[in-house]
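J.: What follows is a single structure, and I will ask about it in a moment.
The values are calculated or read from the model by the stated rules, or taken from the named source; none is laboratory data. Model, not experiment: these values are computed from the prediction. Ideal geometry is used to build each Cβ from the backbone, glycine not excepted, and the neighbour counts take in all protein chains shown. These accessible areas exclude ligands, DNA and RNA; they are computed on the full protein's heavy atoms, side chains included. Shrake-Rupley method; radii C 1.70, N 1.55, O 1.52, S 1.80 Å.
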Amino acid sequence: MNKAESNAPACGCPVKAEENSKGKIIILSGPSGVGKNTVRKKLDYDALNLVNSVSWTTRAPRAEDIEGVTYHFVTPQKFEEAVEAGEFAEHAGFADHAYGTPKEQIESNQKAGKNVMLEIEVQGAEQLMEKYPEATTIFLVPPAIEDLRMRLTGRGSEDEASIAARLKRAETEMNLACKYKYVVVNDDAQRAADEIAQIIRESAD
Ligand code: 5GP
């Protein structure tokens, strides 16, 4: 039974149908290079009533990019104007380029009753957590972190400096993971996608 049905009064009219039919915000983030994009592409968008939020970026399109589908590719000046006009729900710099989620991408899709997927880096995700505390936040981690944690607590053959550097990085990443409602290990892209699909289904009920 969905929420609209369970709230229905005796006459059968749904209460707050509009509110209940509003789509969910799904934030998928994680350390750079963890495979967010690969995992995201394995989700069944139709079955999950899911659409991608299309970000703006100042980076140049790659061969596989399609304007308006993978990103809106804009000049740094146009990006800055949108920042000044308050058009982004979040924005961040990554590898010398700017990336941002227009508020409109979230709001219009939500109003249409769609669950909105935002696959973004960690700084932007933190901004969105404050604005949308109800969002379903998922942090994808590489299995290497698990391996690393085991190594750090066991007897390793690495030198002290290497262990210290890895510990620092692991701590940073685990601290970020704590801010998310769900942590998924990307040990296998399809398995991770299946776990994320389950999270979306459960959180969108
Ligand atoms: P790429 O240039 O490889 O497509 O993306 C680089 C990074 O930017 C990835 O970690 C991707 O998740 C992130 N990203 C894509 N769109 C956005 C966005 O709108 N906001 C933020 N903060 N990060 C984004």
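J.: Looking at ALA193, is it closer than 19 Å to LEU48 by Cα, modelled with pLDDT of 90 or more and surrounded by fewer than 18 Cβ atoms within 10 Å (Cβ to Cβ)?
T.: Spelling it out, it is not the case that ALA193 is closer than 19 Å to LEU48 by Cα, modelled with pLDDT of 90 or more and surrounded by fewer than 18 Cβ atoms within 10 Å (Cβ to Cβ).
J.: Quick one: ASP44 ticks every box in (1) assigned to a loop (DSSP other than H, G, I, E, B); (2) within 12 Å of the ligand (Cβ to nearest atom); (3) touching a residue at least 12 places away in the same chain (Cβ under 8 Å) bar one, so which box is it?
T.: Evaluating ASP44 over (1) assigned to a loop (DSSP other than H, G, I, E, B); (2) within 12 Å of the ligand (Cβ to nearest atom); (3) touching a residue at least 12 places away in the same chain (Cβ under 8 Å) leaves (2) as the failure.
J.: Also: Which of the residues belonging to segment 80-93 are in a loop (DSSP other than H, G, I, E, B), of a type in the set (Gly, Ala, Ser) and open to solvent by 40 Å² or more (accessible area, probe 1.4 Å)?
T.: Of everything in segment 80-93, just one residue is in a loop (DSSP other than H, G, I, E, B), of a type in the set (Gly, Ala, Ser) and open to solvent by 40 Å² or more (accessible area, probe 1.4 Å), namely ALA85.
J.: Exactly one of (1) touching a Gly at 6+ places or on another chain (Cβ under 7 Å); (2) surrounded by 15 or more Cβ atoms within 10 Å (Cβ to Cβ) is unmet by GLY113. Its number?
T.: Here GLY113 meets the rest and fails (2).
J.: Filter segment 120-137 down to the residues that are within 14 Å of ILE200 (Cα to Cα) and open to solvent by less than 60 Å² (accessible area, probe 1.4 Å), then identify the one that is farthest from the ligand (Cβ to nearest atom).
T.: THR136
J.: It is to be established whether one or more residues within segment 47-54 are at pLDDT 95 or above and loosely packed, with under 14 Cβ neighbours inside 10 Å.
T.: Yes, the conditions are met somewhere in segment 47-54.
J.: Regarding VAL184, is this residue among the β-branched types (Val, Ile, Thr), surrounded by 12 or more Cβ atoms within 10 Å (Cβ to Cβ) and modelled with pLDDT of 90 or more?
T.: Judged against the criteria, VAL184 is a match.
For (1) near the ligand (Cβ under 9 Å from one of its atoms); (2) open to solvent by 30 Å² or more (accessible area, probe 1.4 Å); (3) in contact with a helix residue (DSSP H, G or I) (Cβ under 8 Å, 6 or more places away or on another chain); (4) closer than 24 Å to LYS181 by Cβ, each residue gets a yes or a no:
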| position | (1), (2), (3), (4) |
| --- | --- |
| LYS24 | no, yes, yes, yes |
| GLY30 | yes, no, yes, yes |
| ASN37 | yes, yes, no, yes |
| ALA63 | no, yes, no, no |
| THR70 | yes, yes, no, no |
| THR75 | no, yes, no, no |
| ALA95 | yes, yes, no, no |
| THR101 | yes, no, yes, yes |
| LEU118 | yes, no, yes, yes |
